[in-house]
Ligand code: NAD
């Protein structure tokens, strides 16, 4: 997966090298050399921090838990990125996610760099007390490298506001008298978190999709239909007709995106399927998303897996295999679970012609190429799922100022920022043969490269 990110960074640099308007002061050998330096800087993390946390379990056993904090790049500001608790997280994955954070923040003009954390555990195998200890130890082991102006973690898969509250409290204990509110984002509101942070990523994901179709494509359909861009042709097939959607992953991101889509059912949009780590729940007439949310809130976040469970909550749906969601006959797939969900073994069975990446890196490099050649429009992770980091930035600012916005103000600021990025990126959808992902990368790499050059870092 890391190779895919590196390849696209390199392709972006190749395109910029050929563009004579980009850094025109750099010519000849100096230009070649500077671009080699950029490739080296952008493809390598600044630091990979790894520790084995010593945890005393409640049964008296002491275990070592592997934990990482990768700090990719801080050209634009302090490192920023979530901490993932998952049994399959590893150094390469965390490193790639840190790199994506650098690109995402550059794309949306959020003044942060890129970082990411991971702890190799299955959270459900640990008691609340043990999880609390793991969080405290994580902060103790990495306390020197984390901080309001150094590196600011946030929740990711397997972590939530509860873990951020615990971690911030430990940070405060270790660093008495120092500013601490901005050391972690995604905290609970009572503990200095921002209203709207939990919903921000899912809302942003759906906003991106809706804005692209109902604003950009609809308003520009005349000139979009004049060209022969395959992605524009696909997108034009999505306007002024009912659309069906399937959402993979019903956690923080997926459930909120599904709810946003459900709220738009007056536009004849239907969420016909959602899935989680156990099952797919399907109804061709559209699912009762609020009913499913009521169910998951009482069942540890899990979707119903039996007919009886559906009936108990008066939910009309069929239970299908977990992975069958991906190959359903739907217009749009929202991927909001984990990495590498679409790969060469299932890509030929994908029927959706539009895919929105709520998760980070959910499509492998070769599958991505296969879909792009077919004309499938992919709204990439760094564009679509930035709502979380945008509201994290607002939380960080509110923590510094101890002045707080209300929920409506937060969503207005979030949508303004995302719209600004979309208005910059989407017009290139037409004039350029590159897929959206490549355009987003070029935009991010342009910004990072220009700043690195101006700061004299390429000599
Ligand atoms: P989460 O832990 O709240 O939810 C993950 C969901 O995916 C759960 O419903 C889980 O059951 C499901 N799932 C796991 N494996 C699955 C599988 N094989 N098939 C179907 N479903 C599966 O996590 P989240 O915070 O919603 O994050 C989801 C993705 O979005 C991750 O890639 C994360 O990095 C990315 N992301 C999250 C945020 C955020 O603010 N939370 C921000 C940006 C990106």
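FYI, it's all coordinate maths here, none of it is from the lab. None of the values given here were measured: they were computed from a predicted structure. Here the Cβ is made from the backbone with ideal geometry for all residues, glycine too, and neighbour counts use every protein chain on show.
Return the Rg/Rh value of the range 49-183, two decimal places, where both radii are evaluated on C-alpha atoms and Rh is the Kirkwood radius. List each step's numbers first, then the result.
Values: Rg = 14.4 Å, Rh = 14.9 Å.
Ratio of gyration radius to Kirkwood radius: 0.97.
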> Can you give the FRET efficiency for residue 221 and residue 351, using 1/(1 + (r/R0)^6), R0 = 30 Å, r = Cβ-Cβ distance, to the nearest 0.05?
Replying inline: 0.80
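Expressed as a rounded percentage, what relative contact order does the chain have, with Cα pairs under 8 Å and six or more residues apart?
Working: 883 pairs, mean separation 76.0, N = 459.
Relative contact order, the chain: 17 percent.
By average Cβ neighbour count within 10 Å, what is the ranking of 239-247, 107-115 from highest down?
Working: 239-247: 18.6, 107-115: 23.6.
In descending order of packing, they fall as 107-115, 239-247.
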> Where does the chain land at 222 nm, in deg cm²/dmol rounded to the nearest 500, when only DSSP H runs of n ≥ 4 count, each adding -39500 (n - 2.57), divided by all residues?
Replying inline: -14000 deg cm²/dmol
>> At a threshold of 8 angstrom on Cα-Cα distance, excluding pairs fewer than six apart, so keeping six or more, what relative contact order does the range 198-385 reach in percent?
In response: 23
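With a ≥ b ≥ c taken as the square roots of the eigenvalues of the C-alpha gyration tensor of the range 395-459, please select rounded if a/c is under 1.5 and otherwise prolate if a/b is larger than b/c or oblate if it is not? Intermediate results must be reported in sequence, preceding the final value.
Numbers: a/c = 4.37, a/b = 1.36, b/c = 3.20.
Verdict is oblate for the range 395-459.
Rounded, prolate or oblate: which fits the chain when a ≥ b ≥ c are the square roots of the eigenvalues of the alpha-carbon gyration tensor, with rounded for a/c under 1.5 and prolate only if a/b beats b/c?
Oblate, because a/c is 1.5 or more while a/b does not exceed b/c.
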>> Taking only the Cα atoms of the range 199-254, how large is their convex hull per residue, in Å³?
In response: 89
> If the label point is 7 Å along Cα→Cβ of residue 241, which residues in the range 363-395 have backbone nitrogen under 16 Å from it?
Replying inline: 376-377
> Could you give the nm distance between label points at residue 172 and residue 265, where each point is 7 Å from its Cα heading toward the beta carbon?
Replying inline: 4.3
>> Taking the Cα centroid of the range 408-453 and of the range 1-71, what is the distance between the two, rounded to the nearest whole Å?
In response: 20
> Antiparallel DSSP bridges in the range 49-183: what percent, to the nearest 5?
Replying inline: 65
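Per Stokes-Einstein, at 37 °C and 0.692 mPa s, what whole-number D in µm² s⁻¹ belongs to the range 198-385, with the Kirkwood radius over Cα pairs as the hydrodynamic radius?
Numbers: Rh = 16.6 Å.
Diffusion coefficient, whole number: 198 µm²/s.
Of all beta bridges DSSP finds with both residues in the range 223-333, what is the antiparallel percent, to the nearest 5? Don't skip to the answer; put the middle values down first.
Numbers: 7 of 15 bridges.
That works out to approximately 45 percent antiparallel.
Using Cβ counts within 10 Å as a stand-in for footprinting exposure, how do 207, 404, 184 rank, fewest first? Write out the running numbers ahead of the final one.
Details: 207 20, 404 16, 184 32.
Lowest to highest Cβ neighbour count: 404, 207, 184.
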> Most exposed first by the Cβ proxy, i.e. fewest other Cβ within 10 Å, how do 425, 410 rank?
Replying inline: 425, 410
>> Considering only C-alpha atoms, what is the centroid distance from the range 319-390 to the range 113-171, in Å?
In response: 29
> Contour minus end-to-end for residue 293 and residue 455, with contour as 0.36 nm per residue of separation and end-to-end as the Cα-Cα distance?
Replying inline: 53.4 nm
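In terms of the Cα gyration tensor, with a ≥ b ≥ c the square roots of its eigenvalues, is the range 278-437 rounded because a/c is under 1.5, prolate because a/b exceeds b/c, or oblate? Working shown, then result.
Values: a/c = 2.29, a/b = 1.11, b/c = 2.06.
Since a/c reaches 1.5 but b/c is at least a/b, the shape of the range 278-437 is classed as oblate.
How would you order 77-90, 219-232 from highest to lowest mean count of nearby Cβ atoms within 10 Å?
Values: 77-90: 22.1, 219-232: 14.4.
Ranking, from highest mean packing down: 77-90, 219-232.
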> Mind ordering 125-135, 187-197, 439-449 by average Cβ neighbours within 10 Å, highest first?
Replying inline: 439-449, 187-197, 125-135
